[in-house]
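These notes are about the structure you will find just below.
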Amino acid sequence: MNDHLRDLIEASAPLWAGEAEVVRTYFDSPSRSAETDRVWLKRQCFKEFYGSGYGEPEHGMLVEWGREIIALRPELDNGLDRHELLELVEAHYAEYHHYCLFADIYDELGPPGAPPLAPLMCENWAEGKALDDFRHGMRKTHGAFGQAAMDFTEGGYCTLYSEGAKLAGRGGIDDRIAAACQRVYDDEVDHMLRGVVGLGDLAPEETDWELARELVAGQLRRRIHMRNGQFGHPVSERRIEEIFAGEIEPIAFDYSLADRAA
């Protein structure tokens, strides 16, 4: 955890807070309904099943995961430790489990006779695609460094899940959403933190901190627009510009958790 990484974390904290504000504003909105909940849940299922725009729409990430695991079979216990493969399988299981959690709530909110959610029913949305396109270009242009910058922003400090977990105790569907978000948070928080601290693991000659700040800010700003679009634009464009200008209380980063993840 060097000074450059701390500076990047502090610069990111207001934007993490902005994403949290979008989610919180929606959950507290008087115009929220079962129908609007089904919209954001369906979009979240797209992200859980297809990932950050990398899955094949006709198949989804399950096919990609299967191919990845099968391709590693000749290396198992012959250069690839079995426990490393187990970690990979567990990670894929967690992603699919998260899809199931949100899809079950989507189905529960549907009208009588509505078909259950299927992955082919899930689609990206304009702001989600804009974020994915930015990430694709970043990784193509900057390679491993671009991947590290993407990993830094992955999950947006788990703000969707931490805000969703706060619905616990409201009763009804909110308790179901809270339980799902808490489960995903528990599964993802260490992974997210490893992504944050991972930039600090790069060799100094491989790390351009000015570029890192630019790439991270570009993603986190698009993440705010992505969440705002996912939840039906509960936050005005004017408020988003205020957030971009720093007019928000930053999230206090938990450095003790980061030390554990490092």
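General remarks:
- Residue in region 178-195 that is open to solvent by less than 60 Å² (accessible area, probe 1.4 Å), hydrophobic (A, V, I, L, M, F, W, C) and in a loop (DSSP other than H, G, I, E, B) present: no
- For region 159-174, the count of residues that are part of a helix (DSSP H, G or I), buried (at least 19 other Cβ atoms within 10 Å of the Cβ), over 17 Å from the mean Cα position of the chain (by Cα) and among the hydrophobic types (A, V, I, L, M, F, W, C) is zero.
- Residue check for residue 227: part of a helix (DSSP H, G or I) and open to solvent by 20 Å² or more (accessible area, probe 1.4 Å): no
- On the stretch given as region 5-20, residues that are in contact with a Pro (Cβ under 9 Å, 6 or more places away or on another chain) and not hydrophobic (A, V, I, L, M, F, W, C) total 3.
- Subset of region 33-52 [among the charged types (D, E, K, R) and open to solvent by 50 Å² or more (accessible area, probe 1.4 Å)]: 35, 42, 43
- Qualifying residue in region 123-137 (condition: touching a residue at least 60 places away in the same chain (Cβ under 8 Å), open to solvent by less than 60 Å² (accessible area, probe 1.4 Å), in a loop (DSSP other than H, G, I, E, B) and aromatic (Phe, Trp, Tyr)): yes
- Enumeration of residues in region 147-158 that are under 16 Å from residue 222 (Cα atoms) and in a helix (DSSP H, G or I): 149, 150, 151, 152, 153, 156, 157, 158
- Residue in region 91-100 that is hydrophobic (A, V, I, L, M, F, W, C) and modelled with pLDDT under 80 present: yes
- Yes/no for residue 233 being of a type outside the set (D, E, K, R), open to solvent by 80 Å² or more (accessible area, probe 1.4 Å) and either under 30 Å from residue 90 (Cβ atoms) or at pLDDT 95 or above (or both): yes
- Some residue of region 201-211 being open to solvent by less than 60 Å² (accessible area, probe 1.4 Å), part of a helix (DSSP H, G or I) and more than 24 Å from residue 106 (Cβ to Cβ): yes
- Restricting attention to region 243-257 and to residues that are part of a helix (DSSP H, G or I) and more than 12 Å from residue 15 (Cβ to Cβ), the residue that is modelled with the highest pLDDT turns out to be 255.
- Cβ pairs under 6 Å, 6+ apart, first in region 107-122 and modelled with pLDDT of 90 or more, second open to solvent by 60 Å² or more (accessible area, probe 1.4 Å) and not in a helix (DSSP H, G or I): 107/116
The values are calculated or read from the model by the stated rules, or taken from the named source; none is laboratory data. Quantities reported herein were computed from a predicted structural model and do not represent experimental measurements. Cβ: placed from backbone, ideal geometry, glycine included. Neighbour counts: every protein chain shown. Ligands, DNA and RNA are stripped out before the accessible areas are found, and what is left, the full protein with its side chains, is counted by its heavy atoms. Shrake-Rupley method; radii C 1.70, N 1.55, O 1.52, S 1.80 Å.
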